[in-house]
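The values are calculated or read from the model by the stated rules, or taken from the named source; none is laboratory data. Here the structure is a predicted model, which means the values were calculated and not measured. Cβ placement follows ideal geometry from the backbone for every residue including glycine, while neighbour counts extend to all protein chains displayed. These accessible areas exclude ligands, DNA and RNA; they are computed on the full protein's heavy atoms, side chains included. Shrake-Rupley method; radii C 1.70, N 1.55, O 1.52, S 1.80 Å.
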Amino acid sequence: MDSINTRFTFFDIFFVILAALPLLVNKKWLYQLLGGIISFSSLYVFFAVFLSNTKDWQQAQLQPLWTYGMGYVLSLIPLSSCLIMTGIININ
């Protein structure tokens, strides 16, 4: 959305090319490499949401369920699709 509302920057173009690279090259090792990188970033988001949720429990400042539920959903969906991309999870 940032690239739609403002102008493209170098990093926007870089990430668009990086996201389209597996479609252009179509090599198994590239899918595994990018799937692994995105899996680690999804795990990082999952643990950040988990630690934030735990900190709020300890301070008795409970947020609504959808606040953390959305964080878990937005970290688990890319994680599962990247595990499929790397071949760790096989779907027949």
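Can you run down the residue pairs with Cβ atoms below 8 Å, 6 or more apart or on separate chains, where the first is in the stretch 54-80 and open to solvent by 50 Å² or more (accessible area, probe 1.4 Å) and the partner is hydroxyl-bearing (Ser, Thr, Tyr)?
LEU76/SER42
It is to be established whether one or more residues within the stretch 52-69 are part of a helix (DSSP H, G or I), among the hydrophobic types (A, V, I, L, M, F, W, C), at pLDDT 85 or above and out of contact with any helix residue (DSSP H, G or I) (no Cβ under 8 Å at 6 or more places or on another chain).
Checking the stretch 52-69: not a single residue is part of a helix (DSSP H, G or I), among the hydrophobic types (A, V, I, L, M, F, W, C), at pLDDT 85 or above and out of contact with any helix residue (DSSP H, G or I) (no Cβ under 8 Å at 6 or more places or on another chain).
So, in the stretch 1-37, how many residues would count as being at pLDDT 80 or above, in a helix (DSSP H, G or I) and exposed (fewer than 10 other Cβ atoms within 10 Å of the Cβ)?
2
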